[in-house]
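Reviewing the structure listed below.
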């Protein structure tokens with residue numbers, strides 16, 4: 001798999017699922033926590049990528 | 001089917017386990033990700049943890065992740081080795097498969113007769129792969145997740161968590 005974006009999605013999913021399982025909150029709160037974590041990783045990475053757009057290497 | 005995640009589940013009461021049992025659980029948890037939770041009665045959670053950690057490790061190996069070698073002149077490489085080794089004996093097996101030996105450190109200068117040591121050359125060749133950075137992230141993540149699982153298993157065994 002060579003797509004950076006797919007790796008971002010896969011990695012975020014793995015890490016979010018791990019911390020979701022590790023969390024001791026109630027079921028609904030757990031899922032909410034996992035979604036927030038996943039969104040933060042994916043959209044955070046996209047935001048940083050967008051900010052880096054003016055600085056190509 | 002075993003109950004899971006309840007405070008009264010098999011082996012999972014809130015009473016602290018003995019020191020010997022806690023130690024056995026921690027060793028098992030390091031040997032096989034998720035096994036510590038299974039032994040503490042958290043079967044479903046343990047299996048899911050195993051899938052996540054082993055899956056991450058497999059992805060790392062499939063993407064030519066770097067199996068770090070400790071370099072005396074670079075402290076961070078020691079932390080990288082710890083992150084790799086956290087996943088348990090799978091890391092050792094991977095090192096033997098990749099390097100042909102259980103290499104954890106860069107050989108001392110002079111051991112290679114002035115040439116770049118073989119294990120360093122192999123590591124560099126793997127790092128040249130376009131996917132190696134992803135592979136390395138997956139490998140380190142697998143190891144660090146398993147180390148976190150050890151702490152979680154410790155807390156459960158000592159009755160501090162459900």
Q. Do we have residue B:101 as part of a loop (DSSP other than H, G, I, E, B) and either within 21 Å of residue B:46 (Cβ to Cβ) or in contact (Cβ under 8 Å) with a residue 12 or more places away in the chain (or both) here?
A. yes
**Q.** Hits in the stretch B:32-51 (condition: surrounded by fewer than 24 Cβ atoms within 10 Å (Cβ to Cβ) and on the phi < 0 side of the Ramachandran plot)
**A.** B:32, B:35, B:38, B:39, B:43, B:44, B:45, B:47, B:48, B:50, B:51
Q. Which one of these is within 18 Å of residue B:144 (Cβ to Cβ) and either exposed (fewer than 15 other Cβ atoms within 10 Å of the Cβ) or within 10 Å of another protein chain (Cβ to nearest Cβ) (or both): A:22, A:8?
A. A:22
(Q) When you check residue A:46 against the structure, is it crowded, with 16+ Cβ neighbours inside 10 Å and either touching a helix residue (DSSP H, G or I) at 6+ places or on another chain (Cβ under 9 Å) or within 14 Å of chain B (Cβ to nearest Cβ) (or both), yes or no? (A) no
Q: Could you tell me which numbered condition residue A:33 fails, if it satisfies all but one of (1) within 22 Å of residue B:44 (Cα to Cα); (2) within 11 Å of chain B (Cβ to nearest Cβ); (3) at pLDDT 90 or above?
A: (2)
Q: Kindly indicate which of B:6, B:46, B:12, B:65 is within 14 Å of chain A (Cβ to nearest Cβ), within 20 Å of residue B:147 (Cα to Cα) and at pLDDT below 95.
A: B:65
Q.
Based on this model, can you work out whether residue B:148 counts as outside any loop (DSSP other than H, G, I, E, B), in contact (Cβ under 8 Å) with a residue 24 or more places away in the chain and within 14 Å of another protein chain (Cβ to nearest Cβ)?
A. no
**Q.** Options B:91, B:64: the member that is under 19 Å from residue B:142 (Cβ atoms) and within 16 Å of the chain's Cα centre (by Cα)
**A.** B:91
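Based on what the data block shows, is residue B:28 away from chain A (no Cβ under 14 Å) and under 16 Å from the mean Cα position of the chain (by Cα)?
So residue B:28 fits the description; yes.
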Q: Please work out if residue B:81 is modelled with pLDDT of 95 or more, in a helix (DSSP H, G or I), over 25 Å from residue B:129 (Cα atoms) and away from every other protein chain (no Cβ under 11 Å).
A: no
Q: Specify which of the listed residues (B:94, B:142) is surrounded by 17 or more Cβ atoms within 10 Å (Cβ to Cβ), part of a helix (DSSP H, G or I) and more than 12 Å from chain A (Cβ to nearest Cβ).
A: B:94
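The values are calculated or read from the model by the stated rules, or taken from the named source; none is laboratory data. Here the structure is a predicted model, which means the values were calculated and not measured. A quick note on method: Cβ atoms are made from the backbone with ideal geometry, for glycine too, and the neighbour counts reach across all protein chains shown.
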